[in-house]
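Asker: Handing you this structure, nothing more for now.
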Amino acid sequence: MSLSAESKNTRLAWLKHPKDFLFFKIFIWFWLTVIGTITSLVFLSNIATNQVSNEELRGPMKKNLEYTAKSIERTAIKHDKTAAELLNHPRLAKRKLLYLNSDQAEHSLTSRVPEENIDLNILNFTKSMPPQIIFAENFQAFGPIMVNLPEGRFYLYEIDENHQAPFLIRLKLMPIWLKTIIALIASLALSFIFSRNLIAPINHLKQAAIKLSKGDLTARANINENRQDELGILGRDFNSMASQIEQLITAQKRLLADISHELRSPLTRLKMATGLAQMQAADENQAYLDRIEKEANQLDKMIADVLQVSRLEAKSQTLSLHKQSMQVIVDHVLNDAQFEAKQSNKTLHVEGQLKLDIYCDESLIASALENVLRNAIKYAQHTITIKLDVKDAIYIEINDDGPGVEPENLTRLCEPFFRQSDARDRTSGGTGLGLAIAKNAITAHSGSLTLHNQLNSGLSVKIVLPTKKQH
């Protein structure tokens, strides 16, 4: 099939299954709103009003009414009959209800007794008007036509009993405030239902995307599987994409952990062989063996870090929770950090204390603080400030006066193996595992670790730990 034919089939697909397309739903809901509004107006127009409206009388009806008036005048003069006798004449009695309205109400006459719900007194205000079609709640009147009889002057009306005014007239008779309220309520109600139906899957997609971007690989959009329109398809495609990403990242982490684990055995044998070689090697070869031992130890530490990150990210790290003094943990870390900072001619300032006990894995918390402090010491120019506070939770803030981090790199700084510097040597960029371990260790304790640049200064790392026991 050619591309043009496929394109044509795509454009016409909505004709076969219109309910599966969003634009058709929007179209239908729009017209449902219009129809709902009109239906509400029709219903309420039948019960809403007892007002009167009028339009100018034209055409055959006017001429017929004028002919009847002249006929009454001629008959009254020629046969000397009263108005009452004329109205009771069989020829006129066959017509609709005729009403002769007099300037004196007690002299007004009708061809027969009107029904109880018909109040002809509301026609009094029309006597000075040209012939009209007068719309009342329970009847319709045509007139007036002036009739001069020996008894005096009358105004002739023809009454159409039990005739409901046309819809547009009834709509016109409704108060403006009522019409406005009906239109608003009907359109708002239907639009709200449609908007909820339209926005709900979009919000589910948004929430799932936010969770996925924050590292929750299990996040999925809650989309009805039976929904076949564009949003339903998009939601299922999103979930499929999220599943693929979860599988890929999980496989990557598993591969990294497996490789690291498998490297430990040959690395252990390498260290043993190096130790034996050092015992037997001549003095001129000791420097080379020492170098091998140093690099092997560095590699061993890196593998241990990779395994720890993998376990933390996979939430397979078993936490050894015990009640610990937070201040004692911090003091142990600060003692080592003070020594390291002094070697680099930098200063640590500590503000506040953490005098409370919490349930935590002491080694993990210490490792997290140590990695953050080591990073701050490395990039600070002169001073590192540590702020400690206890409120509703434990707050630890570590600031340095270094160059800071590029804004686009802030969110990636805690990713394993990410280094801001393009250089790949450990002297300039490290292994890129320290902050990843720190963030995952804090997260494992239901806490949070966030990074942001200070104004005209370096990086600020904020750690928040709950004070309640973690399960």
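Asker: State whether one or more residues within the stretch 421-433 are modelled with pLDDT under 80, surrounded by 14 or more Cβ atoms within 10 Å (Cβ to Cβ), closer than 21 Å to Lys214 by Cβ and over 35 Å from the mean Cα position of the chain (by Cα).
Answerer: Taking every residue of the stretch 421-433 in turn, at least one turns out to be modelled with pLDDT under 80, surrounded by 14 or more Cβ atoms within 10 Å (Cβ to Cβ), closer than 21 Å to Lys214 by Cβ and over 35 Å from the mean Cα position of the chain (by Cα).
Asker: Report yes if some residue within the stretch 297-305 is in contact with a His (Cβ under 9 Å, 6 or more places away or on another chain), at pLDDT below 85 and crowded, with 16+ Cβ neighbours inside 10 Å; otherwise report no.
Answerer: Checked against the condition, which is being in contact with a His (Cβ under 9 Å, 6 or more places away or on another chain), at pLDDT below 85 and crowded, with 16+ Cβ neighbours inside 10 Å, the stretch 297-305 yields at least one hit.
Asker: Still on this structure, I have one more. What are the pairs with Cβ atoms under 8 angstrom where one residue, in the stretch 448-462, is under 12 Å from Ile396 (Cα atoms) and the other, located anywhere, is part of a loop (DSSP other than H, G, I, E, B) and not hydrophobic (A, V, I, L, M, F, W, C)? Sequence gap at least six, or different chains.
Answerer: Once the first residue is under 12 Å from Ile396 (Cα atoms) and sits in the stretch 448-462, its partners that are part of a loop (DSSP other than H, G, I, E, B) and not hydrophobic (A, V, I, L, M, F, W, C) give Ser460/Gln454.
Asker: One residue is enough: does the stretch 375-396 have a residue meeting the conditions among the hydrophobic types (A, V, I, L, M, F, W, C), touching a residue at least 60 places away in the same chain (Cβ under 8 Å) and in a helix (DSSP H, G or I)?
Answerer: Yes, because at least one residue in the stretch 375-396 is among the hydrophobic types (A, V, I, L, M, F, W, C), touching a residue at least 60 places away in the same chain (Cβ under 8 Å) and in a helix (DSSP H, G or I).
Asker: Against the condition surrounded by 14 or more Cβ atoms within 10 Å (Cβ to Cβ), in contact with a helix residue (DSSP H, G or I) (Cβ under 9 Å, 6 or more places away or on another chain), aliphatic (A, V, I, L, M) and within 29 Å of Phe30 (Cβ to Cβ), how does Ile193 come out, does it pass? Don't jump to the end; show me each part of the working.
Answerer: Values: surrounded by 14 or more Cβ atoms within 10 Å (Cβ to Cβ): no; in contact with a helix residue (DSSP H, G or I) (Cβ under 9 Å, 6 or more places away or on another chain): yes; aliphatic (A, V, I, L, M): yes; within 29 Å of Phe30 (Cβ to Cβ): yes.
Considered against the rule, which asks whether it is surrounded by 14 or more Cβ atoms within 10 Å (Cβ to Cβ), in contact with a helix residue (DSSP H, G or I) (Cβ under 9 Å, 6 or more places away or on another chain), aliphatic (A, V, I, L, M) and within 29 Å of Phe30 (Cβ to Cβ), Ile193 comes out as no.
Asker: Looking at (1) out of contact with any strand residue (DSSP E or B) (no Cβ under 9 Å at 6 or more places or on another chain); (2) in a loop (DSSP other than H, G, I, E, B), can you tell me which one Glu106 breaks?
Answerer: Failed condition: (2).
Asker: Additional query: Taking only the stretch 190-232 into account, find how many residues are in a helix (DSSP H, G or I) and either of a type outside the set (Ser, Thr, Tyr) or in the same structural domain as Glu246 (by TED's automatic domain parsing) (or both).
Answerer: Count: 24.
Asker: Show the residue pairs that are 6+ apart or on different chains and have beta-carbon atoms under 8 Å apart, the first residue being within the stretch 182-197 and within 10 Å of Gly36 (Cα to Cα) and in contact (Cβ under 8 Å) with a residue 60 or more places away in the chain, the second being exposed (fewer than 13 other Cβ atoms within 10 Å of the Cβ) and not polar (S, T, N, Q).
Answerer: none
Asker: Now for a different question. Among the residues of the stretch 143-158, is any under 59 Å from the mean Cα position of the chain (by Cα), of a type outside the set (Val, Ile, Thr) and either outside any loop (DSSP other than H, G, I, E, B) or modelled with pLDDT of 75 or more (or both)?
Answerer: Quick first cut of the stretch 143-158, residues under 59 Å from the mean Cα position of the chain (by Cα) only: none.
Checking the stretch 143-158: not a single residue is under 59 Å from the mean Cα position of the chain (by Cα), of a type outside the set (Val, Ile, Thr) and either outside any loop (DSSP other than H, G, I, E, B) or modelled with pLDDT of 75 or more (or both).
Asker: Which one of the conditions (1) assigned by TED's automatic domain parsing to the domain that holds Ala287; (2) not polar (S, T, N, Q); (3) not in a helix (DSSP H, G or I) does Leu263 fail to meet, given that it meets all the rest?
Answerer: For Leu263, the failing item is (3).
The values are calculated or read from the model by the stated rules, or taken from the named source; none is laboratory data. Computed from a predicted structure; not experimentally measured. Ideal geometry is used to build each Cβ from the backbone, glycine not excepted, and the neighbour counts take in all protein chains shown.
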